[in-house]
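Peer 1: Encoded as structure tokens, here's the structure I'll be asking about.
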Amino acid sequence: MQSSVYGNEYRTTMVCMDSCRDGVLVGRMYNPYLPNGDTFKSLIEFLRKMENLLDAMQFPQSFTALRAFSPPPSMVRKPTDLQVQEGACATFAVRVLFRQNASWQGSVTWLEGNREESFRSVLELVLLLDSALNTAAKEENQQPSPSCEA
């Protein structure tokens, strides 16, 4: 019996925050399922694209999705530069383990801060991202940079 259809690398999405001005996040996201990555220009756009990615991969499957034996969606090869992507403000490894109660559960690692935290909902994930961006802005000359204001 096959224990898992997909490897763990598909669970993790690298999120590169390039700008956070007046609370508007701009950045990029990379996942082995996305051969060239994807960009976002707001928090809502990031959340929608992440949800669409999780739906397309069916991994992890939403708890409201009907279960059936069916062939898995075709996966693309992992891009070689996935690990070297960095954001101008911050870089996060978002790992979604479950999608229960109409939300996401998993962990987020702030790479520059070398910290990992678990989240139990999308709101908690957003608050963790905001906290890291605020901390990064404070640490950089005690003043937020123009592109990384929190």
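No value in this document is a laboratory result; all are computed from the given coordinates. Being a predicted model, the structure only gives us computed values, none of them experimental. FYI the Cβ positions are ideal-geometry reconstructions off the backbone, even for glycines, and counts take in every protein chain you see.
Peer 1: When Asp38, Asp22 are ordered from fewest to most other Cβ atoms inside 10 Å of their Cβ, what list results?
Peer 2: If I rank by nearby Cβ atoms, fewest first, I get Asp22, Asp38.
Peer 1: Another question, if that's okay. Order of Val108, Val122 from fewest to most other C-beta atoms within 10 Å?
Peer 2: Val122, Val108
Peer 1: With θ set to phi - 60° and the Karplus curve 6.51 cos²θ - 1.76 cosθ + 1.60, what are the ³J(HN,Hα) couplings of the stretch 100-114 in order, to the nearest whole Hz, using x for Gly and Pro?
Peer 2: 10, 6, 6, 8, 10, 10, x, 9, 10, 10, 8, 5, 5, x, 6
Peer 1: So, one more: Test of understanding: ordering Thr109, Thr13, Thr39 by Cβ neighbours within 10 Å, fewest first, what list do you get?
Peer 2: With the fewest neighbours first, Thr109, Thr13, Thr39 line up as Thr39, Thr109, Thr13.
Peer 1: Residue by residue through the stretch 30-36, which ³J(HN,Hα) values in whole Hz follow from phi under the Karplus form 6.51 cos²θ - 1.76 cosθ + 1.60 (θ = phi - 60°), with glycine and proline marked x?
Peer 2: For the stretch 30-36, the Karplus curve yields 10, 8, x, 6, 9, x, 10 Hz.
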